[in-house]
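One structure is given here, and the rest of the page talks about it.
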Amino acid sequence: KLTVLRLLLVPVILVVMLLPYSILNNIIALIVFSGASITDYFDGKIARRDNLITDFGKFLDPLADKLLTIACMCMLCEWSMMPAWALMIVLTREFAVTGLRLVAVGRGTVIAAGKSGKFKTASTMIGLCVMMAFPTIGLIATIVNGVIVVTTIYSGVEYFVQNWKCLWD
């Protein structure tokens, strides 16, 4: 339910971020995005605690995370707070890891989310919140974009290094 809520909040965030810029609209977008991001943590915690881990959840949870963060990043590109090349690195990593997972599943192997991937998601969500909270401070955007790019590349490389055998059978 929390994953579905996160998905339903994506268009809400987009609409609010598309409204003419004002402090109020920015605060609303930040609150909705932060709330949606926090559901990711509680979703996983509850699923593990209550043994509610399902194939549906394994599929939908990372999809919801990707849609949430990429939607926000697209709007930050629109606001000139994130360079398009940084977003392209994120998109490339997401498509590549998803492709790797699909190949692995086709060969009977499930690639679980690694620690670096979880760290990448958490640091990205926190970083995006920081950028939304301080939209006029360019140094913050530069630092957050750097963290997003570095954690994205690192986790993507790690997925391929740890699972390269899935590609070469």
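The values are calculated or read from the model by the stated rules, or taken from the named source; none is laboratory data. This one's a predicted model, so the numbers in the text were calculated from it and none came from an experiment. Cβ coordinates were reconstructed from backbone atoms using ideal geometry, including for glycine residues, and neighbour counts include every protein chain displayed. Surface areas here come from the heavy atoms of the whole protein model, side chains and all, with no ligands, DNA or RNA. Shrake-Rupley method; radii C 1.70, N 1.55, O 1.52, S 1.80 Å.
Annotations for the structure displayed:
- A viscosity of 0.890 mPa s and a temperature of 25 °C, combined with the Kirkwood radius over Cα pairs in Stokes-Einstein, give a translational diffusion coefficient for segment 125-169 of 202 µm²/s.
- Normalised contact order of the chain, rounded percent, pairs of Cα under 8 Å and 6 or more residues apart: 25 percent
- Of Lys66/Lys115; Lys1/Lys66; Lys66/Lys165; Lys66/Lys120, those spanning more than 20 Å from alpha-carbon to alpha-carbon: Lys66/Lys165
- Annotation: per residue accessible area for segment 51-116 equals 56 Å², rounded to a whole number [probe 1.4 Å, protein chains only].
- Phe95/Ile126 FRET efficiency (R0 25 Å; Cβ-Cβ; nearest 0.05): 0.60
- Using the rule -39500 (n - 2.57) for each DSSP H run of four or more residues, divided by the residues of the chain, the 222 nm mean residue ellipticity is -28000 deg cm²/dmol.
- A Förster distance of 35 Å, applied to the separation of the beta-carbon atoms of Lys115 and Leu14, puts the FRET efficiency at 0.70.
- Spin-label proximity, Trp164 to segment 104-121 - amide N less than 14 Å from point 7 Å beyond Cα toward beta carbon: none
- Hypothetical label at Val105: residues of segment 46-66 whose amide nitrogen lies under 15 Å (7 Å Cα-Cβ projection): 54-66
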